[in-house]
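These notes are about the structure you will find just below.
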Amino acid sequence: RMTVAFWVKVNQRVGAWGRFVSKDGEWQGYQVRFNDSSDHGCFTARLTDGAGDDGGGININDGQWHHIAAVRDGATGLRLLYVDGYPDQPSARSTSDTGLIDSALGTALYLGTGPNGNQFNGYLKDVRIYNYALTRPQVQALLPSLATPMVGHWTFDASAPLAETSGYQPAGTHDLL
């Protein structure tokens, strides 16, 4: 079970599969990124019994800030991409995506790029990673930035030092990710 939530503003597309957040995404992990060459989001989960890539239908390449939440519950088969607090319905899987994402503990978490250079031209803000699947009300509560328990939180705010602020010790540790 997991949720990756963040704000993204795209300035310009740079090729296909531009990624926002990924962890071991080409092998065993996950990626939240553009869906190939489209202007829609995509939540990729590798080595599950469902399809690897699930693309959405909402344009996020419009120069505006969008809140993205990628939610997965391997026990129930739920994989859902939220855009601005609402399910991006074409990316919903309700029963056919069970199993664990087996991302190696030593693999890097990438924000805005990845090991093979897929990146995007834009901004990320308020990246949060949870070790449980957020519900729709919990995702919607993130839009006004209401406090919720999390296992990772980076604000990327220029007025604050770059630090992980979830409270987990040692800083930067993440359960099941």
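In whole Hz and in residue order, list the ³J(HN,Hα) couplings for the stretch 59-71 that follow from phi through the Karplus curve 6.51 cos²θ - 1.76 cosθ + 1.60, θ = phi - 60°; x for Gly and Pro.
5, 10, 9, 10, x, 9, 6, 10, 8, 10, 9, 9, 10
Whole-Hz Karplus ³J(HN,Hα) for the stretch 119-134, in order, using 6.51 cos²θ - 1.76 cosθ + 1.60 and θ = phi - 60°, x for Gly and Pro?
Per-residue couplings from phi come out as 9, 9, 9, x, 10, 10, 8, 6, 6, 10, 10, 10, 9, 8, 7, 5 Hz.
Using the Karplus curve 6.51 cos²θ - 1.76 cosθ + 1.60 with θ = phi - 60°, work out ³J(HN,Hα) for each residue of the stretch 16-23 in order, rounded to whole Hz, and write x for Gly and Pro.
For the stretch 16-23, the Karplus curve yields 8, 6, x, 9, 9, 9, 8, 9 Hz.
For a quick check: with amide H placed at 1.01 Å from N, whose amide H comes under 5 Å from GLY29's, ignoring anything fewer than 5 positions away on the same chain?
Amide H neighbours of GLY29: ARG46.
Could you rank the peptides 136-144, 1-9 by their average count of other C-beta atoms within 10 Å per residue, with the highest value first?
Descending mean neighbour count gives 1-9, 136-144.
A short reminder: the numbers here are calculations on the coordinates, not readings from a lab. It should be emphasised that the depicted structure is a prediction, and the values quoted were computed from it without experimental measurement. Neighbour counts are summed over all protein chains in view; Cβ atoms, including those assigned to glycine, are modelled from backbone coordinates with ideal geometry.
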